[in-house]
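The values are calculated or read from the model by the stated rules, or taken from the named source; none is laboratory data. This structure is a prediction, so every number in the text was calculated from the model and none was measured. Quick reminder, even Gly has a Cβ in these numbers, built from the backbone with ideal geometry, and neighbours come from all protein chains shown. Accessible surface areas use protein heavy atoms only, side chains included; no ligands, DNA or RNA. Shrake-Rupley method; radii C 1.70, N 1.55, O 1.52, S 1.80 Å.
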Amino acid sequence: MISFPDGFLWGAATASYQIEGAVHTDGRVPSIWDTFSHTPGMVSDGHTGDMACDHYNRYLEDVEIMAWLGLKAYRFSVAWPRLADLGFYDRLVDALLARGITPVATLYHWDLPQSSQDAGGWTNRETAFRFADYAAAVQSRLGDRVATWTTLNEPWVSAFVGYGSGRHAPGVTDPAAAFTAAHNLMLAHGLGTQALRAGGAESVSLTLNLTPILGDPEPARLIDGLANRLFLDPVLRGEYPADVLAHVERFTKVNLDDLPTIAQPIDVLGVNYYTVNRVVADASAEGHPEYPGSEGIAWEDPHGPVTEMDWEINPSGLEDLLVRLWREYPGTPLMITENGAAFPDGVSDPGRIAYLDTHFRAARSAMDRGADLRGYFVWSLLDNFEWARGYHKRFGIVRVDYDTLERTPRDSARWYRDVIARGGLED
């Protein structure tokens, strides 16, 4: 058997807007995703998160599914728009603890209150300070029962997909705004970390979506800088890489005095991994709006099998990424906070089982090579609102019937249940 260490944290993850629904309940205010999804043409087929999986009302059923799976931990996000009434999260955390499941709370998974966006959103430096206030308030309410906190989920997406290409809320297409948002998000992380620690938080983390960049060396280094090092180095080294900073300053200036705040020590680095990107030099290429300044770089088609998202299935990319992180940023334990795949609908999902199996094996290989990996959260527990793609792409190990909201564990859920029970994989 391919075993994982005792205490390895096997979990599953979700996000508030993707599953909760109840968008007008208990004082919740509108978020940028409410606005975006109700804007014609922004989300596939006009789908919205108004109902999603109705987890807000069905959370007890979902916690029972987690208990049946044998999950050691559940990673969820708190909705900033629910700050006026956090009672739902009180109930959720209590239900998790009653079933022996460790709650892992993410404070920001993209659902910025619309009122903050109206004041400039993440291009407004003040939003970072308001985030710290929000972090302190949530920690004060839940900190007696939640030990592990993540400040931000995937700030690259918030900045470059939200403000660069505009594929996600708030739908802005401005390279300078994207770089400004990226810096302010990292400032929010630092300020939020300070607030959490001041409130007594035991463990604080940041989750980054990190993507190995393969291909021609010069283009690959530039895109690696924009996708990965732009976020890793300020947090873990207290500086922007010189080549990345020079590139950013083609578009905007950032306040380097913020770096000591951004570089607050963290207890674990969350890694969201799905695929690799392949790039080549091509003088005729227009570049990619989510990588401002990438003119002359082309993205290659995936090599080999892909998921329903058309993402290359590349478990070796995960192994290499984990080893790179441990070698280049030593001393910070790692946690896979999201990994999973969208496959065609149905209860039988052999493709998802194969995907998870090969990625689990890659993670174990990385550990054998020295990576200090502490746990693995599968994305996702439930089928859900997949952002701009609406309800068309299904990542859940538990199927959701969007007409009846009935939950049905897929074969992958039963497979994962066995992995957790035995503490590893069959040879």
Please build a GNM for the chain, connecting alpha carbons under 10 Å apart, and tell me which residue among Gly143, Gly121, Gly331 fluctuates the most.
-> Gly331
Of all the stretches in the chain, which is the longest one without any exposed loop site, taking trypsin sites (Lys or Arg not before Pro) in a DSSP loop (any state but H, G, I, E, B) with at most 15 other Cβ atoms within 10 Å?
-> 254-368
Using a cut-off of 15 Å between beta-carbons, work out the net charge of the residues near Ser365 (Lys and Arg +1, Asp and Glu -1, Ser365 not included).
-> -1
The answer for the chain, counting only DSSP H helices whose Cα atoms cover 18 angstrom or more along the axis and whose Kyte-Doolittle average is -0.5 or greater, is 55-69, 126-142, 175-198, 315-328, 350-368
Beta bridge orientation in the chain: antiparallel %, DSSP, nearest 5 = 25
Identify the chymotrypsin sites (Phe, Trp or Tyr not before Pro) of the range 4-40 meeting these criteria: DSSP loop state and at most 16 other C-beta atoms within 10 Å of the C-beta.
-> none
Tell me what the chain gives for mean residue ellipticity at 222 nm when only DSSP H runs of n ≥ 4 count, each as -39,500 (n - 2.57), the sum divided by the residue total, rounded to 500 deg cm²/dmol.
-> -11000 deg cm²/dmol
State the extension gain, in nm to one decimal, for the chain segment bounded by Ala98 and Ala285, taking 0.36 nm per residue of separation less the distance between their alpha-carbons.
-> 61.8 nm
Enter the accessible area per residue of the chain (Å², integer; probe 1.4 Å; all protein chains in place).
-> 36
Please arrange Leu259, Leu9 by accessible surface area, largest first, computed with a 1.4 Å probe and ligands excluded.
-> Leu9, Leu259
Inverse of <1/r> over all distinct C-alpha pairs of the chain, i.e. the Kirkwood Rh in Å, gives 21.6
